[in-house]
Amino acid sequence: MSAFAPRVFSGVQPTGNLHLGNYLGAIRKFVALQESQDCIYCVVDLHSITAQLVHEDLKGQIRSITAAFLAAGIDPKRHIVFNQSRVSGHAELAWIFNCVARIGWMNRMTQFKEKAGKDRENASLGLLAYPSLMAADILLYRATHVPVGDDQKQHLELTRDIAIKFNNDFSGRIAAAGLGTEIAMGDETVNGYFPITEPMIEGPATRVMSLKDGSKKMSKSDPSDLSRINLTDDADQIARKIRKAKTDPDALPSETAGLAGRAEADNLVGIYAALAETRKADVLTEFGGRQFSEFKPALAELAVEKLAPINAEMRRLIDDPGHIDAVLKDGGERAGAIAERTMRDVKEIVGFLQ
Ligand code: TRP
């Protein structure tokens, strides 16, 4: 084969509610990509037990992320939507990658250090191996492109390192089995089984910050619900949170340079621009010189216009778990068929009897 067919893969953990930051930073991008690409979107339930083993309602969380995917406009017929634990190849390939990756690579991951905190000895082994499972998610489908938030950049670099090491360590066997594909690496072309995945990282424009502190990312773990707009919030809740969002006493500037040092103003203008699909400069052309008392109602109206239909559809879907489960089952079967071919090749390359 010469060159890998383009394929998009991404995953979202079923922990906590999705919020505006997840929508603008990830899910909206997933929806846009499906117009031109072959996409696989996965609810990564195996990842969700790495930091916390027992969840009160994991099934409900898995359904809720799936509902958000569908409500936002992802088409599960033309593309694949499924939950990770349904396809055993994720765990199988992750095991092989645990033997490809080095402990030192895992120890360097900033997300591991943050999540494990001070008591590293007491973190689960799964939390340490998390990026190896993430590499397996992507490479099980030999995905070439992965849209994610910038906090996942280091994990994607590790995915590339795992693919490169696997391709190198097994280069002779890959060639002997006739399973190599041409990969352009700088000026050279090498042969490998796994593609060297390209990250598609969200730009700073779609980085949504807390409504209560413009220096912190909007997060599902923030104790204050007023800090974020959840995809399950209805029109009244959305409007109320924007009304209560932290601001400063000055009017909006007419140019983006005037947003420097005004984190909350910058964030609200950024949210407006992202929702309206324009640039901050265009928002300031319209609102420069106006007070927040005028800007906030306009922002609330726009947010409600864009998010309320998604919210309504999400609620409708959550009330129909049978439909969601059928979507995941069908997606799991189609993902499983691709995964099975990869695992057959990988077992052949590693040298297992099958
Ligand atoms: N680690 C990702 C996150 O927390 C979720 C994830 C798991 C993922 N597997 C993936 C994202 C594969 C992209 C591709 O956001």
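The values are calculated or read from the model by the stated rules, or taken from the named source; none is laboratory data. Bear in mind that the values here come from a model prediction, so they are computed numbers and not experimental data. Glycine gets a Cβ as well: all are built from the backbone with ideal geometry, and neighbour counts include every protein chain shown.
A search for C-beta distances below 7 Å between a residue of segment 147-158 that is more than 12 Å from GLN111 (Cα to Cα) and any residue that is within 6 Å of the ligand (Cβ to nearest atom), counting only pairs 6+ apart in sequence or on different chains, returns PRO147/SER10; VAL148/SER10; LEU156/VAL146; LEU156/VAL148. Within segment 222-235, residues that are of a type in the set (S, T, N, Q) sit with their Cβ atoms under 6 Å from residues that are assigned to a loop (DSSP other than H, G, I, E, B), at 6+ positions apart or across chains, in these pairs: SER224/LYS212; SER227/SER210; SER227/LEU211; SER227/LYS212; ASN230/ASN17; THR232/ASN17. Residue pairs whose Cβ atoms lie under 7 Å apart, separated by 6 or more positions or on different chains, with the first residue in segment 20-36 and not assigned by TED's automatic domain parsing to the domain that holds ASN311 and within 13 Å of the ligand (Cβ to nearest atom) and the second of a type in the set (D, E, K, R) and not in a loop (DSSP other than H, G, I, E, B), are GLY21/LYS217. If the condition is being under 13 Å from ALA51 (Cβ atoms) and either within 15 Å of the ligand (Cβ to nearest atom) or not hydrophobic (A, V, I, L, M, F, W, C) (or both), then segment 121-132 contributes ASN122, SER124, GLY126, LEU127, LEU128, ALA129, TYR130. Summed over segment 135-157, the residues that are surrounded by 21 or more Cβ atoms within 10 Å (Cβ to Cβ), more than 20 Å from ASN22 (Cα to Cα) and out of contact with any strand residue (DSSP E or B) (no Cβ under 6 Å at 6 or more places or on another chain) give a count of 4.
One line per residue, one yes/no per condition, for (1) assigned by TED's automatic domain parsing to the domain that holds ALA32; (2) over 23 Å from the mean Cα position of the chain (by Cα); (3) within 15 Å of GLU301 (Cα to Cα); (4) among the polar types (S, T, N, Q):
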| position | (1), (2), (3), (4) |
| --- | --- |
| ILE229 | no, no, yes, no |
| LYS244 | no, yes, yes, no |
| ASP248 | no, yes, no, no |
| PRO253 | no, yes, no, no |
| GLY261 | no, yes, no, no |
| GLU286 | no, yes, no, no |
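What is the residue count in segment 95-120 for residues that are of a type in the set (A, V, I, L, M, F, W, C), assigned to a loop (DSSP other than H, G, I, E, B) and away from the ligand (no atom under 12 Å from the Cβ)? Give the derivation first.
Initially, segment 95-120 is screened for residues of a type in the set (A, V, I, L, M, F, W, C), giving 95-97, 99-101, 103, 105-106, 109, 112, 116.
If we keep only those that are assigned to a loop (DSSP other than H, G, I, E, B) too, we end up with 101, 109.
Cutting the leftovers down to away from the ligand (no atom under 12 Å from the Cβ) gives us 101.
The qualifying residues number 1.
So, in segment 1-19, how many residues would count as being closer than 23 Å to PRO195 by Cα and more than 10 Å from the ligand (Cβ to nearest atom)? So the count comes out to 7.
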